[in-house]
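Here's the structure we're looking at; comments come further down.
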Amino acid sequence: MFLIFGFRTRDKIVSQRPRVCEVCGVHATQTLVRRSTRFSLFFIPLFPVKPSTYYLECGNCGTARRADRRAVSRLAA
Ligand SMILES: [Zn+2]
């Protein structure tokens, strides 16, 4: 009997809002992305293996930086 298992990491866009980028200083769309890793069995994702992390991506310069809880609650609302 074979068991096919592994981990799958997925990114999901939570919100997109125009804001001033902290890196390039341009007023551009900032995309809030949630990254989650799940254990999968037979290619079916079952449960998360670690807490989700959030990233902010700038639409102008493309820089992705980790978002803290304050930024997540501000941008997701
Ligand atoms: Zn930028």
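Below are the figures for this structure:
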| read-out | value |
| --- | --- |
| Restricting the range 23-77 to residues that are away from the ligand (no atom under 16 Å from the Cβ) and aromatic (Phe, Trp, Tyr), the residue that is nearest to residue 4 (Cα to Cα) | 42 |
| Residue tally, condition surrounded by fewer than 13 Cβ atoms within 10 Å (Cβ to Cβ) and not in a strand (DSSP E or B), over the range 64-73 | 4 |
| One residue from 2, 47, 7 being part of a loop (DSSP other than H, G, I, E, B) and exposed (fewer than 13 other Cβ atoms within 10 Å of the Cβ) | 2 |
| Subset of the range 24-65 (residues that are farther than 20 Å from residue 13 by Cβ and touching a Lys or Arg at 6+ places or on another chain (Cβ under 9 Å)) | 39, 40, 43, 46, 47, 49 |
| In the range 26-44, the residues that are assigned to a strand (DSSP E or B), over 14 Å from residue 76 (Cβ atoms) and either β-branched (Val, Ile, Thr) or free of Cβ contacts under 8 Å to residues at least 24 places away in the same chain (or both) | 27, 29, 37, 44 |
| Out of 72, 14, 23, sole residue that is touching a residue at least 24 places away in the same chain (Cβ under 8 Å) and in contact with a helix residue (DSSP H, G or I) (Cβ under 8 Å, 6 or more places away or on another chain) | 14 |
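Each reported figure results from applying straightforward, stated rules to the coordinates on display, with no laboratory input. Treat the numbers as computed from the prediction; the structure is a model and nothing was measured. All Cβ positions, glycine included, derive from the backbone under ideal geometry; neighbour counts span all protein chains shown.
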